[in-house]
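Undergrad: Please read through the structure below; I'll follow up with questions.
What follows is calculated from the coordinates using simple rules that are stated; it is not laboratory data. Owing to the predicted nature of the structure, the values given are computational and were not obtained by experimental measurement. A quick note on method: Cβ atoms are made from the backbone with ideal geometry, for glycine too, and the neighbour counts reach across all protein chains shown.
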């Protein structure tokens, strides 16, 4: 038996975690002196309501080694091997927390740095669940996921880069790319780091740009997990993207896995963002 553990930046809900038989270790979201466990003591809807009302932007802190150790202990007591998938180690300290916690255990623990974030991390977790349920060993799972993540892509269309700049996730110089009113920046994660790859004037142009980047990256492998997501409490921008991109998803005969991106990522992306995570078709 293998226990899969991930962090809350994957935005796998408690209900989904129970359904899939996995564990989600939460990050902490700070609104001034108030602290909330991401996805546990604050829902995405509650987070964005508070974000609108707050005078000072929230902050986040990584999942602690203690939180990982608790999850490891539970799996250890149940006689399970452990597979951990974290947000990119270049964006958060969760990976290091997971590594530090593992030193206390002599059971089989494999820790994978997704080198990605948000719904792309979720897509990798969904791939791990699929492989686990097919009976893969921990060693096989690790090798297959390390290979799969090379083909994993995250693209996002943001309203602004201001939240990423204030959170220290991109430089002030990079933030200038999206500072013009009406310009929507397109970002990806490359080698574990956020990269601005385009600027679009308006949502329709932005949606077209997402499709262009998807085609250039090797298109979408519909046989692998595909995730869509949005920040804020309004799904309209994502619904508009799906409508504008019907041709791109022609042949995809499953329901879209749509995620409301929670506080750990929403703190840095801000509301009004749409995102897609997919595996490419390249060998």
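Undergrad: Tilt of helix 203-216 relative to the longest C-alpha principal axis of the chain, in degrees (0 to 90, nearest 10)?
TA: For helix 203-216, the angle is close to 50 degrees.
Undergrad: Okay, next question. For residue 213 and residue 15, calculate 0.36 nm times their separation in residues minus their Cα-Cα distance, and state this gained length in nm to one decimal.
TA: Using 0.36 nm per residue and subtracting the Cα-Cα distance, I get 68.0 nm.
Undergrad: Nearest 0.05, what FRET efficiency do residue 33 and residue 70 give at R0 = 25 Å with Cβ-Cβ as r?
TA: With R0 = 25 Å, the Cβ-Cβ based efficiency is 0.50.
Undergrad: Here is a follow-up. So what's the angle, to the nearest 10 degrees on a 0 to 90 scale, between helix 65-77 and the longest Cα principal axis of the chain?
TA: It works out to around 50 degrees.
Undergrad: Subtract the Cα-Cα distance of residue 90 and residue 150 from 0.36 nm times their separation in residues, and report this length gain in nm to one decimal.
TA: Separation in residues times 0.36 nm, less the Cα-Cα distance, equals 20.0 nm.
Undergrad: Could you tell me the calculated FRET efficiency between residue 54 and residue 258, based on Cβ-Cβ distance and R0 = 35 angstrom, to the nearest 0.05? Numbers along the way, then the final one.
TA: Working: r = 26 Å, r/R0 = 0.75.
Once the sixth-power term is evaluated, E becomes 0.85.
Undergrad: Right, here's the next one. For region 2-150, what is the relative contact order in percent, using Cα pairs closer than 8 Å and at least 6 residues apart in sequence? Kindly include the intermediate steps, with their values, before the conclusion.
TA: On the way: 236 pairs, mean separation 38.7, N = 149.
Averaging sequence separation for qualifying contacts and normalising by length gives 26 percent for region 2-150.
Undergrad: Need the full-extension length gain, residue 41 to residue 190, defined as separation in residues times 0.36 nm minus the C-alpha distance. One decimal, nm.
TA: Details: separation 149, 0.36 × 149 = 53.64 nm, distance 3.16 nm.
Using 0.36 nm per residue and subtracting the Cα-Cα distance, I get 50.5 nm.
Undergrad: While we're on this one: Between residue 245 and residue 140, take the C-beta separation as r, use R0 = 30 Å, and let me know the FRET efficiency to the nearest 0.05.
TA: For residue 245 and residue 140, the calculated efficiency is 0.30.
Undergrad: Of the candidates 19, 240, 50, which one comes out as most mobile in a Gaussian network treatment of the chain with C-alpha springs shorter than 10 Å?
TA: For the chain, modelled as a Gaussian network with Cα springs under 10 Å, the answer is 19.
Undergrad: Let me ask you something else. Counting other beta carbons within 10 Å of each Cβ, put 77, 7 in order, fewest first.
TA: Fewest-to-most Cβ neighbours within 10 Å comes out as 77, 7.
Undergrad: To continue, here is another question. Using the alpha-carbon atoms, what tilt in degrees (0 to 90, nearest 10) does helix 118-133 show relative to the longest principal axis of the chain?
TA: Helix 118-133 and the main axis of the chain meet at about 40 degrees.
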